[in-house]
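Since every read-out is calculated from the coordinates, none of them should be taken as a lab result. Here the structure is a predicted model, which means the values were calculated and not measured.
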Amino acid sequence: MVNNTVFRRACKRSLLAVLASVASMSINSSDVFAQGAAPAIPIGGPVPEFSLSDIPLAEGERIVTSDTGPGGAVIQFDGSAYKTVDPSAVPTAASGMSHQSPMMSSGFASGSCATGNCGSSSCRSGSCGTPGCRNKLNGPGVDLGGNPRLGGGGNACGPTCNPYTYAAVDALYMKHNDLNSFGSPAPFNLRDFDYELGVRVTIGMVPDCHNGYEVSFLGPFQWGSSNQMESPLNDIDAALVAGLPIAAAGLSTFFDADFAAQNLDAELMSFELNRTMIGWDVIKLLYGMRYIQYDEDFLYTSRRTLVGPPGAPGIGILASRAENRMIGGQVGIDMTYPITCRMWSDMRARAGAFANFAENRFQLTNNDALQIFNEADTTELAGMIEFGGGLRYYLTNNFHIRGGGELMYVTEVATALNQFGSVMTPGTGRAIDASDSFFLYGFSVGAELKF
């Protein structure tokens, strides 16, 4: 009991000592407010006033404002018109917009953006000519109809997209520029290849705004060149030499001939399957597989009617065929740029590497007697570069016509004239040379429809 009384008395004395110390301290109210230079804004209170002049600007920068309000107002800056958008018309998460941006997701814009009507802007729905529309292209309003073109500009909604399919057909008028007569045994040259007609058909689909697939066929191109010579003096001699064990008599019909003719044919076609990545409607990247088939046939015919050495008269035939089956991968890019509301420039480029499965067949007959017959094959790494450019004109947003130029270069291929030399032996044609190349150039016209 005594101990408890002593403990209570000690606690009372300690509490009295603390209170006496606090009471003796002097606190100034100005010291308290000095801890914060400005009073804090209470939660839910008014927002402090803000002035555009408070924004620091770099050298050359200035702030442009509109005096007519955001609803359909136009700001003039550096000679160009920029149309503002009513913020209340822009979909937000609160108004039910399910995706941040149709370009960055696999979904589609909802509400008014899906139809191309954003606030008072109508550029997406095909009306072009409002100041600020079509990447600041000005002009009279033109209703192009159909679905909106991506990349048309003039809409704060951003690109809108519905799944679509497209089909394009181009007619190509191409010239083969790699013909030479250096490997021909004839004492006269081949004529140059002419321009020949082929087609390119492309069908693709875009299930969202940026990912898709397409298939394309090119060809068939068929070039031909021929020439012949007649001589009543029987003095047409081929540039051939008999190699042992073939005797000179085994090539008799190729010398002292009164008629000779040569013919070279070339054929080209290709098929490709690509994965595409589309950015608005101004750029398309692609990668995929491609198959290219290129064949050449060479035929030289000689007729000898003269009787005498080195052998009997008759018909001589020398034939060489080269086949190239190239399969591999390619990458590419298509780009467009608006010149006017309807007129756009375009560019396309492709590059690929291929495994070339090349084959050759060579034979020589002299007066119906087979002297040489050989076949050979090899696999080599081939390359291809393709480039095109021109203009396209939109009749509607979904249909345009176009025209331009085309180039194509293919290397490491087997050609018919490169498979034999001047010396004829039983081994001629047993090896294949796939180190040649060819170059094509020409023009194209076509049309594309989206649906």
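Computed quantities for the displayed model
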read-out: Per-residue ³J(HN,Hα) for the range 299-316, Karplus 6.51 cos²θ - 1.76 cosθ + 1.60, θ = phi - 60°, Hz, x for Gly and Pro; value: 9, 10, 10, 10, 10, 10, 10, 6, 9, x, x, x, x, 6, x, x, 10, x
read-out: Karplus (6.51, -1.76, 1.60) ³J(HN,Hα), θ = phi - 60°, over the range 353-365, in Hz, Gly and Pro reported as x; value: 10, 9, 8, 9, 8, 9, 9, 9, 10, 10, 8, 9, 10
read-out: Principal axes of the range 164-450: Cα extent on each, largest first, Å; value: 78, 36, 22
read-out: Linear extension gain, N263 paired with V331, 0.36 nm per residue minus alpha-carbon span; value: 20.9 nm
read-out: Length gained when the stretch D237-F188 is fully extended (0.36 nm per residue, less Cα-Cα span); value: 16.6 nm
read-out: Length released on extending from A369 to L449, taking residue separation times 0.36 nm less the Cα-Cα span; value: 23.0 nm
